[in-house]
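**Student:** Following this message is one structure expressed as structure tokens.
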Amino acid sequence: MLGEKIKELRRKDKISQQNLADFLGVGQSAVAMWEKGKNNPGYNTLVKIAEFFNVGIDYLSGGKGAKNAYRIPVLGYVRAGVPTEAVEEILDYEDVVLSESELKNTFALRIKGDSMSPRMVDGDTVIVRKQSDFASGDICVALVGTADATVKKVIKKDTGIILMPLNGNYEPLFFTPQEIENTPVTIIGKVTELRAKL
């Protein structure tokens, strides 16, 4: 596993998580999450890790269930259902490090608007894992009726769900179970990574 390889190399060279984090320009908590297998570094960061330990990317991502570098399209907007089958245009490509099985269920979207600022701003890109289930508080991509995809924090309630913007200038959207069915409101996937523009 990628995280185990990073931990193994770090301990072998007697490097602390903080030292590695400082070199990569990330928080120590990010390194801890990688090593626990709860998150993965982006492609550019993976390259830096390989350089730091003087190993190849193949070594870091090798073995059963290997994670390799792939290019995935950044989709413009989605009309309905499955993003990879309803693409209006491809805006760009992003390099990601995934297993082959993860690749089949991963896509990227460009953020439009400021309802999720300051965390996500217009022009940022999100990497999304296609799934319909989610935990309350996850940031997800949702389709509301026939509108374009929207990225919101989704909160589960006994009486329905709330699509919560992070920008206080926007109102939360509440949907009862009946409205979820009739509108419909569909969760397409969970945001797994944010790639901010410079």
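**Student:** Considering the chain as a Gaussian network with a 10 Å cut-off on Cα pairs, which listed residue, Arg119, Arg129, Arg71, attains the greatest mean-square fluctuation?
**Tutor:** For the chain, modelled as a Gaussian network with Cα springs under 10 Å, the answer is Arg119.
**Student:** Another question about this same structure. What's the ranking of 97-103, 132-138, 188-194 by average number of surrounding C-beta atoms within 10 Å, highest first?
**Tutor:** 188-194, 97-103, 132-138
**Student:** Something else: Grab the DSSP H runs of the chain that are 4 residues or longer, score each as -39,500 (n - 2.57), total them, divide by all residues and round the 222 nm result to the nearest 500 deg cm²/dmol.
**Tutor:** So the helix-based figure for the chain works out to -7000 deg cm²/dmol.
**Student:** At a temperature of 10 °C and a viscosity of 1.306 mPa s, determine how fast the chain diffuses translationally according to Stokes-Einstein, using the Kirkwood radius over alpha-carbon pairs as Rh; express D in µm²/s, rounded to the nearest whole number.
**Tutor:** It comes out at roughly 87 µm²/s.
**Student:** Among rounded, prolate and oblate, which fits the stretch 2-60 when a ≥ b ≥ c are the square roots of the eigenvalues of its C-alpha gyration tensor, a/c under 1.5 means rounded, and a/b larger than b/c means prolate?
**Tutor:** Note, shape of the stretch 2-60 comes out rounded.
**Student:** Just to confirm the number: angle between the C-alpha axis of helix 43-53 and the first principal axis of the chain, 0 to 90 degrees, nearest 10?
**Tutor:** Here the helix axis deviates by roughly 20 degrees.
**Student:** Run the reach check for Lys190 against lysines, Cα to Cα strictly under 21 Å, same-chain hits fewer than 8 apart removed. What comes back?
**Tutor:** Those lysines meeting the cut-off are Lys36, Lys38, Lys67, Lys104, Lys112, Lys130, Lys152, Lys153, Lys156, Lys157.
**Student:** Running a GNM on the chain with Cα contacts under 10 Å, which residue among Thr45, Thr106, Thr159 ends up with the highest mean-square fluctuation?
**Tutor:** Highest fluctuation among the options: Thr159.
**Student:** Compute a Gaussian network model of the chain, connecting alpha carbons closer than 10 Å, and tell me which residue from Asn39, Asn105, Asn54 fluctuates the most.
**Tutor:** Result: Asn54 has the largest fluctuation of those listed.
**Student:** Give me Rg over Rh for the stretch 81-195, both radii from the alpha carbons and Rh done the Kirkwood way, two decimal places.
**Tutor:** Answer for the stretch 81-195: 0.95.
Where a number appears in this text, it was derived from the coordinates with a stated rule and is not lab data. Since the model is a prediction, treat every value here as computed from it, not as a measurement. For neighbour counting, all protein chains shown are included, and Cβ atoms are generated from backbone atoms with ideal geometry for every residue, glycine included.
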